[in-house]
1. Have a look at B:R36, B:R22, B:R17 and point out the one that is in contact with an Asp or Glu (Cβ under 8 Å, 6 or more places away or on another chain) and touching a residue at least 24 places away in the same chain (Cβ under 8 Å).
2. Scan segment A:15-37 and report the pairs whose first residue is in contact (Cβ under 8 Å) with a residue 40 or more places away in the chain and whose second residue is of a type in the set (K, R) and open to solvent by 50 Å² or more (accessible area, probe 1.4 Å), with Cβ atoms within less than 7 Å and a gap of 6+ or a chain change.
3. State whether one or more residues within segment A:71-83 are surrounded by fewer than 20 Cβ atoms within 10 Å (Cβ to Cβ), of a type in the set (G, A, S) and either farther than 19 Å from B:Q37 by Cβ or modelled with pLDDT of 95 or more (or both).
4. When you scan segment B:18-38, do you find a residue that is in contact with a strand residue (DSSP E or B) (Cβ under 8 Å, 6 or more places away or on another chain), open to solvent by 60 Å² or more (accessible area, probe 1.4 Å) and of a type in the set (A, V, I, L, M), even just one?
5. For the structure I just gave you, tell me whether A:Y48 is part of a strand (DSSP E or B) and open to solvent by 70 Å² or more (accessible area, probe 1.4 Å).
6. Name the single residue that is farthest from the other protein chains (Cβ to nearest Cβ) among those in segment A:84-106 being open to solvent by 40 Å² or more (accessible area, probe 1.4 Å) and in contact (Cβ under 8 Å) with a residue 40 or more places away in the chain.
7. Could you run through segment B:80-113 and say how many residues are away from every other protein chain (no Cβ under 14 Å) and either touching a Phe, Trp or Tyr at 6+ places or on another chain (Cβ under 6 Å) or under 15 Å from B:R18 (Cβ atoms) (or both)?
8. What are the residues in segment A:12-45 that are open to solvent by 80 Å² or more (accessible area, probe 1.4 Å) and either more than 14 Å from A:L73 (Cα to Cα) or within 11 Å of chain B (Cβ to nearest Cβ) (or both), if any?
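The values are calculated or read from the model by the stated rules, or taken from the named source; none is laboratory data. Small disclaimer: the values here were computed from a predicted structure and weren't measured. In this analysis, Cβ positions are derived from the backbone assuming ideal geometry, glycine residues included, and neighbour counts consider all displayed protein chains. SASA here: full protein model, heavy atoms, side chains in, ligands and nucleic acids out. Shrake-Rupley method; radii C 1.70, N 1.55, O 1.52, S 1.80 Å.
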Amino acid sequence: GQNIDQPTEMTATEGAIVQINCTYQTSGFNGLFWYQQHAGEAPTFLSYNVLDGLEEKGRFSSFLSRSKGYSYLLLKELQMKDSASYLCAAAGSNYQLIWGAGTKLIIKP
Amino acid sequence: IAGITQAPTSQILAAGRRMTLRCTQDMRHNAMYWYRQDLGLGLRLIHYSNTAGTTGKGEVPDGYSVSRANTDDFPLTLASAVPSQTSVYFCASSLLGPPNTGELFFGEGSRLTVL
């Protein structure tokens, strides 16, 4: 079957670094997405990986290993506004997205 | 500001009633989607449309219908609402459909409660 796993909740300190992991099983693979969702708001796009390796975009980086079915989102220099849920989604062979339940990130001062 | 507009923002509905959630985008995106988001679960695709005039079923289509008469509008209809359809519904769009879908842009969501 198709499945996405990510931790339910993580806590980190302002100014620190946090890594949010995601493992996936899909029928075929056409890319891995990360979205950010603040409470009560719509998801917004963060990153897209289709090849192995690290993609860096400012304070956020995303990594993909297709052979391991694994991705992570790395957030540096954490700010209070980074408190949100982070959604991992994988595109299968039909390009439809399979979504994880999201990781709620709590930032403490 | 360009984007996706959903209506209503919130609605309480009696079971058995018919309800249409509206979604309009002004970005001239080809593809549109309806998702539902429930606590503890990932977003689940209800229906999608890769281009105006076409629609397809997603992961959880039962009890829902859609139409795509033009590029901008993609309404979702619950023919006879049931309590299990209580959820937050998100409409989304992408510039292109598969295989070049790319980034999804989401509306602000419609919170529906069926009693």
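1. Values: B:R36 fails: in contact with an Asp or Glu (Cβ under 8 Å, 6 or more places away or on another chain); B:R17 fails: in contact with an Asp or Glu (Cβ under 8 Å, 6 or more places away or on another chain).
Being in contact with an Asp or Glu (Cβ under 8 Å, 6 or more places away or on another chain) and touching a residue at least 24 places away in the same chain (Cβ under 8 Å) holds for just one of B:R36, B:R22, B:R17, which is B:R22.
2. A:I17/A:K76; A:F29/A:R66
3. Yes, that holds for at least one residue.
4. No.
5. On the way: part of a strand (DSSP E or B): yes; open to solvent by 70 Å² or more (accessible area, probe 1.4 Å): yes.
So A:Y48 fits the description; yes.
6. Taking the candidates together, the pick is A:I106.
7. Qualifying residue count, segment B:80-113: 5.
8. Listed by number, the residues that qualify are A:E14, A:Q25, A:A39, A:E41.
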